[in-house]
Amino acid sequence: MKLHYCFVTLLLAAGLLTAQQFQPAATDGKLRIIVFGAHPDDCEVSAGGVAAKYAKLGHHVKFVALTTGDNGHQTVGGGALAARRRAESAEAGKRLGVEAYDVIENHSGELMPTLDMRRLVVRQIRQWRADLVMLPRPWDYHRIIAPPASSFRTRRTW
């Protein structure tokens, strides 16, 4: 609970959240956790174990992929690859106990740390009413993973 209030305080100080917009996240006594990844499957690979543990304890977990994952495969690309990755990730999310899995319609390789991206991530956090937010580390070796995390300075990394 301390982390929740610390995170909210930092968001308030940064001007990303106003006092009027803040509401207690859950009324059932369970945490609301949101995990961001660059592609479908990044959340499962990076935070799947933690997500499964929280879900098994009855907490509410959501995964968000910030791109469709429509390129980067040696033989398949475009819509076919995006559809396959979306289906695989949805199944993985179900097996981990994730309640929701959103895939944002951005092309892989085109994700940038823009104000619009920051707004999109903040909107996802607010709509989920998250107590705990997990983002990729901003110094990751993979060029597409760093931009979403570098848009935020008030976060915990995994």
As an exercise: evaluate C6 against (1) modelled with pLDDT under 80; (2) within 17 Å of E99 (Cα to Cα) and give the number of the one condition it does not meet. (2)
Single residue of V45, V64 found to be modelled with pLDDT of 95 or more and under 20 Å from R137 (Cα atoms): V64
Could you list, in sequence order, the residues of the range 25-55 that are in a helix (DSSP H, G or I) and hydroxyl-bearing (S, T, Y)? S46, Y54
Filter the range 121-158 for residues that are under 18 Å from R32 (Cβ atoms) and among the aliphatic types (A, V, I, L, M); the one that is modelled with the lowest pLDDT is L135
Please find, within the range 57-81, the residue that is surrounded by the fewest Cβ atoms within 10 Å (Cβ to Cβ) out of those that are touching a residue at least 40 places away in the same chain (Cβ under 8 Å) and among the aliphatic types (A, V, I, L, M). V64
Here's a check for you: in the range 56-106, which residue that is assigned to a strand (DSSP E or B) and of a type in the set (D, E, K, R) is nearest to K30 (Cα to Cα)? K62
For the list (1) modelled with pLDDT of 95 or more; (2) within 16 Å of the chain's Cα centre (by Cα), I need the number of the one condition that G69 fails. (1)
Please identify the pairs in which a residue from the range 116-130 that is under 14 Å from T67 (Cα atoms) has its Cβ atom under 8 Å from the Cβ atom of a residue that is assigned to a helix (DSSP H, G or I), counting only partners at least 6 apart or on another chain. M117/P147; M117/P148; V121/P148
Any residue at all in the range 86-97 that's in contact (Cβ under 8 Å) with a residue 60 or more places away in the chain and either in contact with a Lys or Arg (Cβ under 7 Å, 6 or more places away or on another chain) or within 21 Å of W139 (Cα to Cα) (or both)? no
Does V50 count as surrounded by fewer than 13 Cβ atoms within 10 Å (Cβ to Cβ) and closer than 25 Å to A130 by Cα? no
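The values are calculated or read from the model by the stated rules, or taken from the named source; none is laboratory data. The structure displayed is predicted, hence computed values, not measured ones. For neighbour counting, all protein chains shown are included, and Cβ atoms are generated from backbone atoms with ideal geometry for every residue, glycine included.
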